[in-house]
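Written out below as structure tokens is the structure these notes cover.
The values are calculated or read from the model by the stated rules, or taken from the named source; none is laboratory data. Since the model is a prediction, treat every value here as computed from it, not as a measurement. Positions of Cβ are generated from backbone atoms using ideal geometry, with glycine treated the same way; all protein chains shown enter the neighbour counts.
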Amino acid sequence: MFDLNRPRRSVLYMPGSNQRALEKAKTLAADVLILDLEDAVAPDAKAQARQLVCDAVKSRAYGKREVVIRINGLDTDWGMDDLRAASEAGPDAILIPKTQSVAMVEEVECLMQDYGAPSHTFIWAMMETPRGVLHAEAIATSTSRLTCFVMGTNDLAVDLGALQTADRAPLMTSLSLCLLAARSYGMAIVDGVYNAFKDEDGFRDRCAQSRAMGFDGKTLIHPAQLAISNAAFGPDPEAVETAKAQIRAFEEAAAKGEGVAVLDGKIVENLHADAARRLLVKANAIHALEAVYE
């Protein structure tokens, strides 16, 4: 069963052709690992990378981290073999590049069933083309097996002819449309990469923007970005304590037959209590995951 509350603060791309990187990933504090067979792998290394990645997934050596395989498109020379092998390996999800239509998702789902993909292997979709963004709502409703959108902001900017500005104004419509679709249909959604991985201040600002918009986390290109991303998308201790106080206040009011509570001069309604409970569920899940990293 898909768990929307599972931590996805940090979603790290790992090149599938690099055996050392796949081994190193077992020790990294990443919530999600995307073992990449597409952009990060040269054409002459595709077959070897497929074997390395699928062997890594079958080893089940990544603990509680969510493990995703990004395949090549089915219209390439490698996509069908990737999908068959990934389905047999049974990762947490298979990531489709350049998702543009319901038909693309349905084809992948049908083939996954034919190839014996286990029920716990979901579909994730890269949203990185103008057509894909325009069809975001339809794609989100295509199948219950589709559980997450992954923004591909580099490719999207190129296709739009847009500049990668600090405030991302040229991409904001696309980001918002995908967010609206994901949240409307109970899906997770993670933001695109920040290319300047040595620019910690810039990355911290970008994470703050993504978090404010409502993304679950960021896709990352380097392990150096993990700590900032995990901190930005995880609830801080003050927020956790506030959530606990809101729940107590609302439950005390409810016990008296009152529909609302007042905490520190602010109204606490049922919707606030529900949000607080969700925050605590996520905080507990993060705590359990981080215990594995330590």
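Could you please let me know if D55 is more than 20 Å from the chain's Cα centre (by Cα), of a type in the set (D, E) and surrounded by 15 or more Cβ atoms within 10 Å (Cβ to Cβ)? Here the answer is no, as D55 does not meet what is asked.
Taking first residues from the stretch 53-65 that are closer than 17 Å to D31 by Cα and partners that are of a type in the set (G, A, S) and not in a loop (DSSP other than H, G, I, E, B), the Cβ contacts under 6 Å between residues at least 6 apart in sequence or on separate chains come to V57/A89. For the stretch 137-151, filtering for residues that are surrounded by 21 or more Cβ atoms within 10 Å (Cβ to Cβ), free of Cβ contacts under 8 Å to residues at least 60 places away in the same chain and out of contact with any Gly (no Cβ under 8 Å at 6 or more places or on another chain) leaves 4. Looking only at residues of the stretch 158-181 that are of a type in the set (G, A, S) and more than 20 Å from A208 (Cβ to Cβ), we find that the one that is surrounded by the fewest Cβ atoms within 10 Å (Cβ to Cβ) is G161. Just name the residue that is surrounded by the fewest Cβ atoms within 10 Å (Cβ to Cβ) out of those in the stretch 112-128 that are of a type in the set (G, A, S) and on the phi < 0 side of the Ramachandran plot. Ranking the candidates gives S119 first. Total residues in the stretch 181-195 satisfying the condition of being touching a strand residue (DSSP E or B) at 6+ places or on another chain (Cβ under 7 Å) and in a helix (DSSP H, G or I): the figure is 1. For the stretch 196-294, the strands (runs of 3 or more DSSP E) that sit wholly inside it and include 1 or more residues that are within 26 Å of L177 (Cα to Cα) and either touching a strand residue (DSSP E or B) at 6+ places or on another chain (Cβ under 6 Å) or not assigned by TED's automatic domain parsing to the domain that holds A181 (or both) are 217-220. Taking the stretch 62-104 as the range and being more than 19 Å from A40 (Cβ to Cβ) and either assigned to a helix (DSSP H, G or I) or modelled with pLDDT under 95 (or both) as the test, the residues that pass are G63, K64, M80, R84, S87, E88, V102, A103, M104.
From the list E23, E109, the lone residue that is under 23 Å from D216 (Cβ atoms), assigned to a helix (DSSP H, G or I) and not hydrophobic (A, V, I, L, M, F, W, C) is E109.
Within the stretch 129-136, does at least one residue satisfy the condition of being modelled with pLDDT under 95 and loosely packed, with under 14 Cβ neighbours inside 10 Å? Taking every residue of the stretch 129-136 in turn, none turns out to be modelled with pLDDT under 95 and loosely packed, with under 14 Cβ neighbours inside 10 Å. Within the stretch 21-48, if we keep just the residues that are within 17 Å of Y62 (Cβ to Cβ) and touching a Gly at 6+ places or on another chain (Cβ under 9 Å), the residue that is surrounded by the most Cβ atoms within 10 Å (Cβ to Cβ) turns out to be L37. For first residues located in the stretch 240-266 and over 23 Å from N284 (Cα atoms), partners that are outside any helix (DSSP H, G or I) and of a type in the set (D, E) and lie 6+ apart or on another chain with Cβ distances below 6 Å form the pairs V260/E269. Exactly one residue out of A30, A45 is touching a Ser or Thr at 6+ places or on another chain (Cβ under 6 Å), of a type outside the set (F, W, Y), in the same structural domain as C148 (by TED's automatic domain parsing) and over 22 Å from L226 (Cβ atoms), and it is A45.
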